[in-house]
Amino acid sequence: MPEQPLIFPADFLWGVSTSAHQVEGNNHNQWSQWEAVGNTASGDQSGIACDWWNNAERDFDLARELGLNALRLSVEWSRIEPEPDKFDVNAIERYREMLSGLHQRGIKPLITLHHFTNPIWFEEAGGFLTADSKAQFEKFVRRVVEDLGDLCDTWVTFNEPNVYSTLGYLVGEFPPGQRSQLGTTVTVLANIARAHACAYRAIHELQPHPRVGWTDNYIVFEPANSQSRLDRMVAAAQHHLFNLSFLRVIERGSLVFPFNLFSGDLEEAKGSCDFVGLNVYNRAYVRFDLKFPASLFGHIFIPDDVPQGDPGIDHPYGEAYPHAIYLAAQNAAQLKKPIYILENGVPDAQDRIRPWLITNVVREMHALIQEGIDLRGYFHWSLVDNFEWSEGWRLRFGLYALDRETQRRTPRLSAQLYSAIVKANGLTEEALAAQATSNRA
Ligand code: BGC
């Protein structure tokens, strides 16, 4: 039986997400340093990446061809403020050019102010471990909003404070590479919440009607054995630390127990958001195991028989789980603010399961809207394969495949599917036919 078309609200945003360091090329920040000394699991370096600093417009053209009406990009702090209090007007001018280029193509830009990377001077001074970090960040934000504010009204202060703090200070996969530092992880998270609150207020002071939020990564933590109390306990602990911490800070001005013991007062962050962003990729399974103190005594694993994209170097990327979007949005709805899915995708060089993922994610989002959840947009990660942090060039998330040598872009079949969805503003027979074509390929 043909499926009923699932049509979205007329002003729904269909976009893609990117981040400066992953696409611009030749950045000079704590990540490029980390790469240069061989600290990525892949050994890869970002190099010229997708060459956006010279030619982001090539990809903006692709975005326009797909029919997208929004694009999330980030501005690189280390380019704009290469030394403390010294701002580079040429860098700012290049961002103005990019933002104007998006507007000219009918694409609304959303700017992320911090997407994992720090200027080296800021990192060397202790990054977000120091009490001073919020003032430094606010200065940068003020400058960006003063200089780019006429071209953007929607700001994502921080990308994934939960990933930045846990991978940098608990797991050690991101710079500065610390391991098993739960107290430090919570301190970093708390200082990011303070910096977020300062940025929120500063932007509202500088712009008449901005929309300011942050975006967190949301993972579904499934107890390996639902009958086991210990498995359920550790899965719940991970859910609290990873998925709920920042949300609670914004909602209540404090972290959940016991993390509040390390964080100090966070009242200043209460209520500081106009929307909630969610980056949703995976489900993971959790088994109680004393050998894993860094992950709160939960051994995280992915069973072989679940849908998965391509594996990372040392571990699987996770179960591709469309229903995660439904769970994440239901959870975030507690804040009673508009919600945007600011990232969703799968590493899948051959496009084996991406079409399936996109189609089912659209179904989940439609169900959420039907149930009254204020979901305003979906941003696929990503338009073109880009530098995937520690996994380097191994994991391929693009609707377009990138040949790094030639910088040639080749559409995967998912590009055609996503474009059909975007142009129809929903899931229609035509879009499903595009998926069928990709399944046959
Ligand atoms: C990050 C992106 C990353 C993506 C895919 C998200 O956690 O914000 O920078 O490339 O996941 O792993």
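The values are calculated or read from the model by the stated rules, or taken from the named source; none is laboratory data. Note that the structure is a prediction, hence the values are computed from the model and not measured. Please note: Cβ atoms are built from the backbone with ideal geometry, for glycine as well, and neighbour counts cover all protein chains shown. When the accessible area is computed, the model is the full protein with side chains, heavy atoms only, and any ligands, DNA or RNA have been set aside. Shrake-Rupley method; radii C 1.70, N 1.55, O 1.52, S 1.80 Å.
The residues of the range 16-54 that are more than 16 Å from the ligand (Cβ to nearest atom) and either touching a Cys at 6+ places or on another chain (Cβ under 8 Å) or under 28 Å from I341 (Cβ atoms) (or both), listed by number, are D51, W53.
Residues of the range 347-375 that are part of a helix (DSSP H, G or I), open to solvent by 10 Å² or more (accessible area, probe 1.4 Å) and without any contact (Cβ under 8 Å) to a residue 40 or more places away in the chain: N360, Q370.
Close contacts from the range 1-19, counting a first residue that is of a type in the set (V, I, T) and at pLDDT 95 or above and a second that is within 16 Å of the ligand (Cβ to nearest atom) and in a loop (DSSP other than H, G, I, E, B), with Cβ to Cβ under 7 Å and a gap of 6+ residues or different chains, come to V16/S382; V16/L383; T18/S382; T18/L383; T18/N386.
Screening I300 against (1) β-branched (V, I, T); (2) within 16 Å of the ligand (Cβ to nearest atom); (3) surrounded by fewer than 18 Cβ atoms within 10 Å (Cβ to Cβ) leaves a single unmet condition, (3). Residues that are farther than 23 Å from W155 by Cα and of a type in the set (F, W, Y) within the range 15-63 comprise just one, W34.
Looking across the range 314-346 at every residue that is open to solvent by 30 Å² or more (accessible area, probe 1.4 Å) and within 13 Å of the ligand (Cβ to nearest atom), the one that is nearest to F246 (Cα to Cα) is identified as Y317. Filter the range 126-135 for residues that are within 26 Å of W389 (Cα to Cα) and surrounded by fewer than 22 Cβ atoms within 10 Å (Cβ to Cβ) and give the result. Across the range 126-135, the qualifying residues are G126, G127, L129, T130, S133, K134. Of all the criteria given as (1) within 18 Å of the chain's Cα centre (by Cα); (2) within 16 Å of the ligand (Cβ to nearest atom), the one not satisfied by L13 is (2). Based on this model, can you work out whether S226 counts as more than 23 Å from the chain's Cα centre (by Cα) and either within 10 Å of G298 (Cβ to Cβ) or polar (S, T, N, Q) (or both)? In short, yes. Each residue in the range 122-165 was checked for being farther than 22 Å from D85 by Cβ and free of Cβ contacts under 8 Å to residues at least 12 places away in the same chain, and 1 pass. Each residue in the range 399-430 was checked for being within 16 Å of S382 (Cβ to Cβ), among the hydroxyl-bearing types (S, T, Y) and in contact (Cβ under 8 Å) with a residue 60 or more places away in the chain, and 4 pass. Look through the range 144-157, keep the residues that are within 19 Å of the chain's Cα centre (by Cα) and either buried (at least 24 other Cβ atoms within 10 Å of the Cβ) or β-branched (V, I, T) (or both), and return whichever of them is nearest to the ligand (Cβ to nearest atom). Restricting to residues being within 19 Å of the chain's Cα centre (by Cα) and either buried (at least 24 other Cβ atoms within 10 Å of the Cβ) or β-branched (V, I, T) (or both), the top hit is V156.
Would you check which residues across the range 16-28 are among the small types (G, A, S), touching a helix residue (DSSP H, G or I) at 6+ places or on another chain (Cβ under 8 Å) and closer than 17 Å to F379 by Cα and list them? A20, the sole residue that qualifies.
The set of residues from the range 376-426 being hydroxyl-bearing (S, T, Y), part of a strand (DSSP E or B) and open to solvent by less than 10 Å² (accessible area, probe 1.4 Å) comprises just one member, Y378.
For the range 38-55, the set of residues classified as out of contact with any Ser or Thr (no Cβ under 9 Å at 6 or more places or on another chain) and either outside any loop (DSSP other than H, G, I, E, B) or open to solvent by less than 10 Å² (accessible area, probe 1.4 Å) (or both) consists of A49, W53, N54, N55, listed by residue number.
Each residue in the range 1-37 was checked for being open to solvent by 50 Å² or more (accessible area, probe 1.4 Å), in a loop (DSSP other than H, G, I, E, B) and either under 19 Å from E123 (Cα atoms) or among the basic types (K, R) (or both), and 3 of them qualify. Annotation note: of L247, L278, L290, L261, the sole residue that is touching a helix residue (DSSP H, G or I) at 6+ places or on another chain (Cβ under 9 Å), farther than 30 Å from L357 by Cβ and not basic (K, R) is L261. Of all the residues in the range 407-441, those that are more than 23 Å from H366 (Cα to Cα) and modelled with pLDDT of 95 or more number 6. The number of residues in the range 54-95 being more than 20 Å from L113 (Cα to Cα) and not charged (D, E, K, R) comes to 8. Here are the criteria: (1) out of contact with any Phe, Trp or Tyr (no Cβ under 7 Å at 6 or more places or on another chain); (2) without any contact (Cβ under 8 Å) to a residue 40 or more places away in the chain. Tell me which single one H103 does not satisfy. Exception for H103: condition (2).
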